[in-house]
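Derivation of every value follows stated rules applied to the coordinates shown; laboratory data play no part. Everything quoted here is computed from the prediction, not taken from an experiment. No Cβ is skipped: glycine too gets one built from the backbone with ideal geometry, and neighbour counts run over all protein chains shown.
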Amino acid sequence: MQNSTTILGIIEMRLKGISYDDCRNRYGVGNSTVNLIMSRYRAKGIPLEVLKQMPGSEVEASFYPPSNVRRKSEDIMPDYEAIYNRINQDGSKANLYFMWLRYKKEHPSGYQYTQFCHYFNQYVDTHHGSQNLRMAVERVPGERVYIDWVGDQPELLVDSQTGELRKVHIFVTTVGVSSMIYAEAFPDEKLPSFVAGTVHALDYYGAAPKYLVPDNLRAAVTKHTKDELILNSAYQDLEQFYEVVILPPPARKPTGKATVEKGVQWLETHLLEDLKEQVYYTIEELNRNVRRIVDNLNDRKIQGQSFSRREAFEFYDKSKMRPLNSGHFTPCEYRYFGKVPNNYHLLFDEHYYSVPCTMYGQPAFLKATMAEIRICDRNNKLICTHRRSYTTFPKYITKTEHMPPEHRFYRDVNEKDGEYYRRWAAGYGPYTAKMIDTVLLSGQHEEQSYNSCNGILHMCTGQSKLLVEEAARLCVEGNACRYSYFKRCLKQLTNRSQTKEQQQLPSHENLRGKEIYK
């Protein structure tokens, strides 16, 4: 079998009339090979220009079809594209051996496992590229801190209540060129542990990188596809505080953070094996030992090098990192609400905190510190804040500007008492005060008269105090202190005043009176 270069070269030379001897000397083949290639070329009837456009493997297969492959095997050739898609499907646990078992169940006389794998790898290399290729990455000093959890979860912590051993979770980071390691043990891998580990790691390094590269964990990343990245709200706050960029590796691509994966594997041997030699009764005791071991590992000379990770970090990475901001990042308690309810209040710690009524039906985040409640929209943009309430009542913490106009009106009415309306009425004069006092005393219960008082006094807004007092005098003297009668009196007085103003001519030096015409 000859390769495609030899096949095409011989065809081209013979078509140009070049001799057999020159073809033999150029490609190191015999006359029979030249005759075989040319006879098959003529039999196929495919122009040389078309052959040159074909992939080399197709040219070779066309001129030298595999003679050792039986037609029976061709009939049962596996559907390697379907196998490839099944293995690489999201969430699929199928591997090549599993797919071979299914293939043999359907075709007992088909390929054995070795041939099956051989042809599958050939198919993948041809149609999807090699699976063994690795990208060379030039790491920039101090640019990135990589974050992950150790996969092994040893049982090291004694439960103080049951006496049983509990699993611990090891949080790990590596940084830049030096791969300097930070590790810390936590009882779980939940959000507070993940945020605390990140904060403690940056404190350990004493500087902040340009990028934080966490794994695609739920604690850090809400959604990450090739088209969309949504960070957890807590991690967005951390990003803003430290002025870094959260940059997870590509989804389902652990090779995007090979440096921390290598660090994790290294720690599984050099940290966990050391920790497993004893048990611990508190997480603080465990972390003191973790810190001691990690410090020793960072101070140890790197194999084959004359320097340690810590020395490399100080020389290469730290000088390129940014000093930490003043203050300390304090994680909040977070609550996610998929939809703001129709009363536009969010529940936290047995209290209800208001949001603008226009957010009804939209997602929201509530962040609680010891002193403050912060509420953000779906994009983590701050909407409003409240002082956190620790008293039993009131249960509803509401800002007036969050309410629709009709709710504000009813709240204003319900929050006012009789003394409030008496003070308001006294501002117009004694008759208005007397009328309002009479209205308040007219019902069996004072509260039943609040709506009437509110309506009467709002009617007076923008009116002359003299007209209001006169209308109130008519109501008091007529023993008719009612909303409807006051409204009629005020309207009549207002119309009469407007008519009188229209009938009076303004005084002006150019206007002459009747005495001029005598």
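Values as computed for the structure displayed
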item	result
Nearby aspartates and glutamates by direct alpha-carbon distance to residue 500 (threshold 17 angstrom, same-chain neighbours under 8 apart not counted)	470
Cβ crowding within 10 Å averaged over residues, with 301-310, 316-325 ranked highest first	316-325, 301-310
Two-site FRET efficiency, residue 282 against residue 326, from Cβ-Cβ distance with R₀ of 41 Å, rounded to 0.05	0.85
Most to least packed among 327-333, 271-277 [average Cβ atoms within 10 Å]	271-277, 327-333
At R0 = 56 Å, FRET efficiency that the Cβ-Cβ distance of residue 464 and residue 239 yields, to 0.05	0.40
Nitroxide proxy distance, nm - points 7 Å out along Cα→Cβ at residue 342 and residue 126	6.4 nm
Extension gain from residue 406 to residue 53, taking 0.36 nm per residue of separation minus the Cα-Cα distance	119.5 nm
Computed E for residue 22/residue 143 - FRET, C-beta separation, R0 45 angstrom, nearest 0.05	0.15
Net charge of Cβ neighbours under 14 Å - reference residue 289; Lys, Arg +1; Asp, Glu -1	-3
Spacing of the two label points (7 Å from each Cα toward its C-beta) at residue 451 and residue 333, in nm	4.0 nm
Degrees between helix 283-299 axis and first principal axis of the chain (Cα, 0 to 90, nearest 10)	50 degrees
Degrees separating the helix 113-127 axis from the principal Cα axis of the chain, which is the longest one	60 degrees
Value at 222 nm in deg cm²/dmol, rounded to 500, when DSSP H runs of n ≥ 4 in the chain each add -39,500 (n - 2.57)	-13000 deg cm²/dmol
For the chain, with +1 on Lys and Arg beta carbons and -1 on Asp and Glu, the positive-most of 455, 357, 186 along the dipole	455
Extension reserve of the residue 112-residue 166 stretch, reckoned as 0.36 nm per residue once the Cα distance is removed	14.9 nm
Positive-end residue of 63, 161, 275, charge dipole of the chain with Cβ unit charges	63
Only Lys, Arg (+1) and Asp, Glu (-1) charged, at Cβ; the stretch 297-444 dipole about Cα centre in debye	580 debye
The stretch 284-442 shape via C-alpha gyration tensor axes, a/c threshold 1.5	prolate
Given charges at beta-carbon only (K, R positive; D, E negative), |dipole| of the stretch 97-197 in Debye	480 debye
Prolate/oblate/rounded label for the chain (Cα gyration tensor, a/c 1.5)	prolate
The stretch 430-493 versus the stretch 151-202: alpha-carbon centroid distance in Å	72 Å
Backbone N within the stretch 4-31 under 11 Å of label point (7 Å from residue 40 Cα along the Cβ vector)	4, 7-8
Label point 7 Å beyond Cα of residue 299 along Cβ direction - residues of the stretch 311-337 with amide nitrogen under 13 Å	311
Size of charge dipole - the chain - debye, nearest 20, with Cβ of Lys, Arg +1 and Asp, Glu -1, no other charges	1740 debye
Too-long pairs where the Cα-Cα distance tops 29 Å, listed order kept, from 367/399; 210/367; 210/339; 276/320; 416/465; 399/487	210/339; 276/320; 399/487
Segment residue 90-residue 498, extension gain: residue separation times 0.36 nm, minus the distance between their alpha carbons	138.8 nm
Tensor-based shape of the stretch 296-351 (alpha-carbon gyration tensor, a/c under 1.5 rounded, otherwise prolate or oblate)	prolate
